[in-house]
1. Rounded to the nearest percent, how much of the accessible area of the stretch 34-100 (1.4 Å probe, protein heavy atoms only) is carbon and sulfur?
2. Would you please give the residues with an amide H less than 5 Å from that of Leu152, counting only those at least 5 places away or on a separate chain, with H modeled from the backbone geometry?
3. Using helices alone, what [θ] at 222 nm do you get for the chain, with -39,500 (n - 2.57) per DSSP H run of 4 or more residues, divided over all residues and rounded to the nearest 500?
4. Placing +1 on the Cβ of each Lys and Arg and -1 on the Cβ of each Asp and Glu in the chain, which of Leu40, His206, Ala221 has its Cα farthest towards the positive end of the resulting dipole?
5. Excluding Arg54 itself, calculate the net charge of residues whose Cβ lies under 14 Å from the Cβ of Arg54, where each Lys or Arg counts +1 and each Asp or Glu counts -1.
6. Can you match P(r) over Cα pairs in 10 Å bins from 0, in percent to one of these, (1) 7, 32, 40, 19, 2, 0; (2) 7, 28, 30, 16, 8, 4, 3, 2, 1, 0; (3) 7, 25, 32, 21, 7, 4, 3, 1, 0, based on a calculation from the structure here?
7. Dipole size in debye (nearest 20) for the chain around its Cα centre, Lys and Arg Cβ +1, Asp and Glu Cβ -1?
8. Once the other residues with Cβ under 14 Å from the Cβ of Asp36 are scored (Lys, Arg +1; Asp, Glu -1), what is the net sum?
Amino acid sequence: MTASIPSRTRVRPVFAPPGRRPAPPALVLVAHGSRDPRALTTVRALMARVRALRPGLPVHLGHIELNEPLLPDTLAALGDTRAVLVPLLLARGYHVKQDIPELAAAAPVRASVAAPLGPHPLLAEALHARLTESGWPAALDATARRTTAVVLAAAGSRDPDSAADTRRTARLLAGRLGVPVVPAYASAAAPTVPAALRALAARGRHRVAVASCFTAPGRFATQCAAQAPWIASAPLGAHEAMARLVLHRYEQSVSIPWSSAA
């Protein structure tokens, strides 16, 4: 005889025993380093803003060169723990593809390397804000739009991916401003800022701003700003959009299964 099955079966929930949640990976800001003392001050201000946005998250700083702490020292101090390295670089290039991963691999820390900060809409937001602070008008009429443009000044790299990233950032910024934005470079790539300015003047664009696509002050940022025929924005520094972008890159990396990211 087959046993009858009740129409309703009461199921008791089973709860996993309480346990401590694993600590989040440390966030390591990776700055290039500069002989300009303002660079270190700026990067530390950005680190403070990141900490303010995410209290309790361990945030550290390491430099590729020129400033202390150097990245190997920061990683050695972390020991055998998890960390996400967020490059404070605005495009792909040798540092992102080679230097930082090699330094991470040589350290005891279990690390993943996040994407560089650019291109991303938050980067374009910070660039727009810095331009506005430097005197970019709130609105342009049709006549002004025909004569106005922006040169997006970046460090430059021989890596074609770096140029591709900078061109995409230029397109994102142009979408915000409604005028042409032309990428130009301080070294290792073309066009230079003066060449971009000449090309725009030949097209009737004589009121040209230079947007500083640099994280912090330094030789290249100062050089590019000095070439502006109209206004030049300050480096991106500790703008809130930059801090949000750092955390976004961190979270993107954390969301990858750690076995494949480590």
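The values are calculated or read from the model by the stated rules, or taken from the named source; none is laboratory data. Note that the structure is a prediction, hence the values are computed from the model and not measured. Quick reminder, even Gly has a Cβ in these numbers, built from the backbone with ideal geometry, and neighbours come from all protein chains shown. In case anyone asks, the SASA skips ligands and DNA or RNA and just uses the protein heavy atoms, side chains included. Shrake-Rupley method; radii C 1.70, N 1.55, O 1.52, S 1.80 Å.
1. 52 percent
2. Amide H neighbours of Leu152: Val182, Ala184, Ala211.
3. Using -39500 (n - 2.57) per qualifying helix, the result is -12000 deg cm²/dmol.
4. The one lying farthest along the dipole's positive direction is His206.
5. Details: positive: Arg49, Arg51, Arg244, Arg249; negative: Glu240, Glu251.
Charge balance in the 14 Å sphere: +2.
6. (2)
7. That gives a dipole near 880 debye.
8. +3
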